[in-house]
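Participant: Once you've had a glance at the structure underneath, I'll fire off some questions.
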């Protein structure tokens, strides 16, 4: 089943202890769409500038990603982000942000996208997320991402979006902030009470935890000794989750748990190389092989 | 099978968002021995002062804990610790430490303890840990705890103890420091290369991860919305792990995994009330009931 993602497409400059990569493809919607395309057909909605390199469009096309909702803004420049990871590499230090077209242009969905059933509203101003959500004619499972910038400054608007989506995905600091509870379990319960039946929290090297209809489930991360570039880990995790759900056409608790395990595996591959370099060559067979190893790693019995 | 613990017995004063408790029973060996006594007979070695309340001795005795190695120092005062937890309650802020008898007296094992096969060397100066380890005639599975104070200031002595024990248990910051690697998986591999076939890392609300003979396994924490007092969480986790292993008389990978799940459950009960208050009334039946709930929480399939 087709999966829609609405979100940022960026040109990133990344520094990690393993090297520097200037002007590489980035943005939540890039990571998400390329990752999820291994599971299911993907529709991409976002904005880029005239400076966006053709080779990146070719990558999207090679994954058969629907680009009808990708708008190139005349005379505009693509969103740019520069960041650095040091030490534990668990937190990105932002060195520079140039919103460019992302600051000027609202997302618009082409008519052909309006029947999308599985949807990720990637991190964006909650007003934009709400506008997109309200355009969809028959959403079946809509998940939103968000960040502290919006939680801190536009809480009531974030809460409005929570009222219309089925699921929130965010990291644990964002969840504690949004749920106004320093205890993560309490914060997730509080968020779920605001609307979404599913609250999915990403904890980086500590894995992920989900609350769905009153029930919790948690997974540790796939154990990796070498993480070259954590950029896009959360987006590829969400891509594996939503890609699996859209492919299976389900969103029950059991499917969500299995979807999380695929998200974990996809994210673990992504961080093994810079930007989308690992995703470029990744296959569903690679994913299944590591998923089997991951299942053995998780097994309490035998 | 009998389980020996050598470590601190304290009088704690604890402040958390849920209240204050002055002068309550504390110390790693107290939490460990009372917790592990639910699984297997326990021998306790440690030192207390003349001020140690009889009621705490009664608690130990009620759990049939062997106190032959518990020395009361004439004219001495019991080790005291005062601490506070705020916000996420993941870090104890130490308000006061009075070593008292702990600073003056070396641990001594009575002859009746020397044949102990399952042993926890609780957090202590590595020279003391080594002295104890060398007294044992037939240790089968010796686990040591440690802390940054020793890692930072007595690294070579900590490494010496690592050379004689089977397992290290510590928290993730300590593991990164000891393994000299900000990546936890890398740090655990480095520690294992120093000697112990088993490296067990406690991550508080993020669960625990183990490396045993080249294989990793991780468990998320039991999800708790209310944590009244995290003191002793790590010690009761170790108590569940070692208590299970000693009871089952095994220390293979499969047993270690199951032991970790029991440690997680025991620790989850412990933090639900101040000090040892929850452990006082806890039964093996309580543990089995929650262990079954925990297994369901962990299940990826169904």
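The values are calculated or read from the model by the stated rules, or taken from the named source; none is laboratory data. Here the structure is a predicted model, which means the values were calculated and not measured. Glycine gets a Cβ as well: all are built from the backbone with ideal geometry, and neighbour counts include every protein chain shown.
Participant: Exactly one of these conditions fails for residue A:167: (1) within 16 Å of the chain's Cα centre (by Cα); (2) within 14 Å of chain B (Cβ to nearest Cβ); (3) under 27 Å from residue A:10 (Cβ atoms). Give me its number.
Facilitator: Every listed condition holds for residue A:167 apart from (2).
Residues checked against (1) over 26 Å from residue B:215 (Cβ atoms); (2) more than 11 Å from every other protein chain (Cβ to nearest Cβ):
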| site | (1), (2) |
| --- | --- |
| A:265 | no, yes |
| A:278 | no, yes |
| A:281 | yes, yes |
| A:285 | no, yes |
| A:301 | no, no |
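Participant: Give segment B:85-120 a look and list any residue that's within 14 Å of another protein chain (Cβ to nearest Cβ) and on the phi > 0 side of the Ramachandran plot, or say none.
Facilitator: B:87, B:89
Participant: Looking only at helices (runs of 4 or more DSSP H) that fall completely inside segment A:121-207, which ones have 2 or more residues that are surrounded by 19 or more Cβ atoms within 10 Å (Cβ to Cβ) and in contact with a strand residue (DSSP E or B) (Cβ under 7 Å, 6 or more places away or on another chain)?
Facilitator: On the way: elements: A:126-135, A:148-153, A:155-162, A:172-178, A:184-192.
Correct list: A:126-135, A:155-162, A:172-178, A:184-192.
Participant: Further question on the same structure: Within segment A:201-254, count every residue that is on the phi > 0 side of the Ramachandran plot and within 11 Å of another protein chain (Cβ to nearest Cβ).
Facilitator: The number of residues fulfilling the criteria is 2.
Participant: If we only count strands (runs of 3 or more DSSP E) wholly inside segment B:32-89, which ones have 1 or more residues that are surrounded by fewer than 20 Cβ atoms within 10 Å (Cβ to Cβ)?
Facilitator: Because the criterion is at least 1 residues that are surrounded by fewer than 20 Cβ atoms within 10 Å (Cβ to Cβ), the strands (runs of 3 or more DSSP E) in segment B:32-89 that meet it are B:66-73, B:79-84.
Participant: Right, next: Would segment A:234-243 turn up any residue that is surrounded by fewer than 23 Cβ atoms within 10 Å (Cβ to Cβ) and under 27 Å from residue A:42 (Cβ atoms)?
Facilitator: Within segment A:234-243, none of the residues are surrounded by fewer than 23 Cβ atoms within 10 Å (Cβ to Cβ) and under 27 Å from residue A:42 (Cβ atoms).
Participant: Among the numbered conditions (1) in a loop (DSSP other than H, G, I, E, B); (2) crowded, with 16+ Cβ neighbours inside 10 Å; (3) in contact with a helix residue (DSSP H, G or I) (Cβ under 8 Å, 6 or more places away or on another chain), tell me where residue A:5 comes up short.
Facilitator: The one condition residue A:5 does not meet is (1).
Participant: Can you tell me which residues in segment A:262-281 are touching a helix residue (DSSP H, G or I) at 6+ places or on another chain (Cβ under 6 Å) and either in a helix (DSSP H, G or I) or surrounded by fewer than 20 Cβ atoms within 10 Å (Cβ to Cβ) (or both)? Let's see the steps before the verdict.
Facilitator: Residues of segment A:262-281 touching a helix residue (DSSP H, G or I) at 6+ places or on another chain (Cβ under 6 Å): A:262-263, A:265-267, A:269-272, A:276, A:278-279.
Passing the criteria: A:262, A:263, A:265, A:266, A:267, A:269, A:270, A:272, A:278, A:279.
Participant: Take the residues in segment B:287-297 that are in contact with a helix residue (DSSP H, G or I) (Cβ under 8 Å, 6 or more places away or on another chain) and either assigned to a loop (DSSP other than H, G, I, E, B) or within 13 Å of another protein chain (Cβ to nearest Cβ) (or both); name whichever of them is nearest to residue B:119 (Cα to Cα).
Facilitator: Only one residue fits best here, namely B:291.
Condition check ((1) modelled with pLDDT of 95 or more; (2) over 20 Å from residue A:234 (Cβ atoms); (3) in contact with a strand residue (DSSP E or B) (Cβ under 8 Å, 6 or more places away or on another chain)) across all residues:
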{"site": "A:6", "(1), (2), (3)": "yes, no, yes"}
{"site": "A:9", "(1), (2), (3)": "yes, no, yes"}
{"site": "A:26", "(1), (2), (3)": "yes, no, yes"}
{"site": "A:32", "(1), (2), (3)": "yes, no, yes"}
{"site": "A:37", "(1), (2), (3)": "yes, no, no"}
{"site": "A:49", "(1), (2), (3)": "yes, yes, yes"}
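Participant: Next up: Go through segment B:101-120 and count every residue that is in contact with a helix residue (DSSP H, G or I) (Cβ under 9 Å, 6 or more places away or on another chain) and over 18 Å from residue B:244 (Cβ atoms).
Facilitator: 6
Participant: Could you check segment A:179-200 and list, in sequence order, the residues that are more than 10 Å from chain B (Cβ to nearest Cβ) and within 26 Å of residue B:209 (Cα to Cα)?
Facilitator: Hits for segment A:179-200 are A:199, A:200.
Participant: Does segment B:208-226 hold any residues that are surrounded by fewer than 24 Cβ atoms within 10 Å (Cβ to Cβ) and outside any strand (DSSP E or B), and which are they?
Facilitator: Within segment B:208-226, B:213, B:214, B:223, B:224, B:225, B:226 qualify.
Participant: Taking only segment B:212-247 into account, find how many residues are more than 24 Å from residue B:26 (Cα to Cα) and without any contact (Cβ under 8 Å) to a residue 24 or more places away in the chain.
Facilitator: 2
Participant: Just checking, does segment B:208-228 include any residue being out of contact with any strand residue (DSSP E or B) (no Cβ under 9 Å at 6 or more places or on another chain) and more than 30 Å from residue B:88 (Cα to Cα)?
Facilitator: Looking through segment B:208-228, at least one residue is out of contact with any strand residue (DSSP E or B) (no Cβ under 9 Å at 6 or more places or on another chain) and more than 30 Å from residue B:88 (Cα to Cα).
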